[in-house]
1. Which value, in debye to the nearest 20, gives the size of the charge dipole of the range A:132-250 about its Cα centre, when Lys and Arg are +1 and Asp and Glu are -1 at the Cβ?
2. Tell me the label-point distance for the pair A:Ala185, A:His249, using the 7 Å Cα-to-Cβ offset, in nm and rounded to one decimal.
3. Report the convex hull volume per residue for chain A, counting only C-alpha atoms, in Å³.
4. Using a Debye calculation, one point per C-alpha and no hydration shell, please list log10 I(q)/I(0) for the range A:16-55 at q = 0.14, 0.15, 0.17, 0.32 Å⁻¹ in order.
5. Give me the accessible area buried between chains A and B, both sides summed, with a 1.4 Å probe, in Å² rounded to the nearest 100.
6. How large is the convex hull of the C-alpha atoms of the range A:1-72 per residue, in Å³?
7. How much accessible area per residue does chain A have, counting only protein heavy atoms and a probe of 1.4 Å, in square angstrom?
8. Measuring from label point to label point, each 7 Å out along Cα→Cβ, what is the A:Arg48 to A:Val233 span in nm?
Amino acid sequence: MSADWPEGVGRVILAETDTTLAEAARRAALGEGPCWILAGFQTAGRGRRGRPWVSPRGNFHATLLMRPKGGPSEAALRSFVAALALRDALVRLTGLSQAFALKWPNDLLLNGGKVSGILLESLGSQGGVDHLAVGIGVNLIAAPSPDQVEPGAVPPVSVLGETGVRIAPEALLDAVAPAFAAQEAALAQGGFAPIRAAWLAHAARLGEAITARTGTTTRHGIFDTIDPSGALVLRTPTGLETIPAADIHF
Amino acid sequence: MTKHNHEADVAFIQALAELLNKNELTELAVKREYGEDDSLEVRVVKQAAVVQAAPVSYAPAPMAQAPAHVAAPAPVAGPASPEDPAQHPGAVTSPMVGTAYLAAEPGTPPFVAVGAVVTEGQTLMIIEAMKTMNHIPAPRAGTVKRILVTDGTPVEYGSPLMIIE
């Protein structure tokens, strides 16, 4: 465990599991947490809406189980906290900063390719949340081939492939845990404003044309900003549209 | 990438009509852009039905009969107002703005269906915002009487999602 590992947060290393998100949910039901759970290998890794997430050994698959105060909308702000923390950690470990950018809401891009996926799950409980699980996958040594992802999606890349830097999953865990704690402290002190500002400072395609696909519609427009709830603000010919959930295509 | 075709349009319009009925709306307008110079604009309108019930008057019985037959005064309903599901005592409302999903992922069975008996804490649906999947638990045990949202559609804070009695 690294010297700057956040106090009071557990560190669980598993050789293998189905998904660390599912493991977090099981542990939450037993009253555990907060803790980080890292798995060497996932047998059933998944992304948004059940998309498979290829989880070979050597890549990073981890989930932070936490019990945040506040309602589900505030819990969802951890999407940005997690993306910023992961960026901080990878910048520190690779020594590269300009190569990394953020794609709404929480994808990390490396040289314009998708190097990570972050998916959060919360369980509601009478206006608040019982627990929140922040799942982070990073292509450290291997990325799926472009034909394994959806047509039109950002092409996947790996840290090793793009930078030549080989990072061990546990080393990334030891960097991302304190980075998350630091961003979380910023959220606790200053609310979403400092997180929002930091996120926008590293945002990809801000002011440029993007496409937002939701379950039922597709909207084109200029990526204007993110609002105080974190929702994407799209400038369309008919005015500004605020979008809380969508797949973004460039 | 989905190819925009006639069949899909018909299915889409049909889904809108169902949405209209299900949520007791009178009008729904949607514009879908498929690409340059390829869009679909639909407006579905339902003639608002006259919902006001005809006042029912109970004429006094012409002759007093056996007292056992004296009817309790009929509850007089005021002008029937369109029912607001959010005010229903069994309503489960959305704790956040986002997109509603009735199943864990596309192609899997929904968490619950109308008529299902649920236990307290059982997941009813997911509301997504900022790639956070928030599971909405049943606030109490009961039976799912109505599902007021369709899969993949946006919901507002406080929107009624389901009625559980």
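The values are calculated or read from the model by the stated rules, or taken from the named source; none is laboratory data. Just so it is clear, the model here is predicted, and its values are computed rather than measured. All Cβ positions, even for glycine, are placed from backbone atoms using ideal geometry, and neighbour counts span all protein chains on display. In case anyone asks, the SASA skips ligands and DNA or RNA and just uses the protein heavy atoms, side chains included. Shrake-Rupley method; radii C 1.70, N 1.55, O 1.52, S 1.80 Å.
1. Working: 6 positive and 11 negative charges, 43 e Å.
That gives the range A:132-250 a dipole magnitude of about 200 debye.
2. Between A:Ala185 and A:His249, the simple spin-label model gives 4.3 nm.
3. Values: hull volume 31.5 nm³, N = 250.
Convex hull volume per residue, Cα atoms: 126 Å³.
4. Values returned for q = 0.14, 0.15, 0.17, 0.32 Å⁻¹ are -0.31, -0.36, -0.45, -1.05.
5. Values: alone 11220 and 11870 Å², together 20580 Å².
Counting protein atoms only, the buried area is about 2500 Å².
6. Working: hull volume 8.2 nm³, N = 72.
Looking at the range A:1-72, the number lands at 114 Å³ per residue.
7. Numbers: 9970 Å² over 250 residues.
Normalised by residue count, the accessible surface of chain A is 40 Å².
8. Inter-label distance under the simple model: 2.1 nm.
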